[in-house]
Amino acid sequence: QELAASRYVEDADVLRPGACQLCVGVGYRPQEFAALGVGTSERASRTDEGLEIIRRLWEGESVTFHGRHYHLDDVRLTPLPHQRPRPPLWVGGFAPAAARRAARLGDGYIGTADMVEQARLFRAAWAE
């Protein structure tokens with residue numbers, strides 16, 4: 001799934017240089033996870049691993065990755081996205097973990113709820 005999403009955005013970025021960005025969240029609807037045969041308890045760790053893989057592929061690395069959910073050996077995308085170092089990655093969510101994930105793995109944060117606290121968490125994690 002992450003490889004397909006990475007490839008779709010990369011293709012769009014090549015066709016329309018500079019116009020693409022990827023916005024992700026961990027998801028919240030149990031029926032969507034059930035349809036994929038994935039437990040909701042894995043959503044954060046799957047998102048973290050997927051974002052790491054996407055970032056590395058878009059930045060031109062030949063990726064070997066053996067995590068809890070994904071296993072890749074010497075995978076590379078071509079052509080690379082037009083934007084450098086890669087298209088922007090925005091991470092969204094309601095929970096404090098989403099703001100921290102955005103700072104650690106993304107380029108920005110999209111949230112709702114109490115944005116004052118979420119923004120504080122994002123800035124603190126971004127500074128680390």
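Overview of results
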item: Other-chain or far-sequence residues with amide H under 5 Å of residue 75's (modelled H); result: 63, 64
item: For residue 24, distant residues with modelled amide H under 5 Å away; result: 90, 91, 92
item: Relative contact order of region 44-114, pairs being alpha-carbon contacts under 8 Å that are 6 or more residues apart, as %; result: 24
item: Whole-number D in µm²/s for the chain (Stokes-Einstein; Kirkwood sum over Cα pairs; 4 °C, 1.567 mPa s); result: 84
item: Top positive-direction residue, dipole computed over region 2-127 with Cβ charges, set 87, 118, 47; result: 118
item: Overall form of region 1-74 per C-alpha gyration tensor (a/c, 1.5; a/b vs b/c); result: oblate
item: Rounded to the nearest 20 debye, dipole of region 16-63 from Cβ charges on Lys, Arg, Asp, Glu; result: 200
item: Student exercise, the chain dipole from Lys, Arg, Asp, Glu Cβ charges, in Debye to nearest 20; result: 220
item: Residue 65 paired with residue 34, simple spin-label distance in nm, labels 7 Å along Cα-to-beta-carbon; result: 2.9
item: Contact order relative to length of the chain, as percent, for alpha carbon pairs under 8 angstrom and 6 or more apart; result: 24
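Readers should treat all values here as calculations from the given coordinates under stated rules, not as data from a laboratory. Nothing here was measured: the structure is a model prediction, and the numbers come from that model. As a convention, Cβ positions derive from the backbone with ideal geometry for all residues, glycine included, and neighbour counts pool all protein chains shown.
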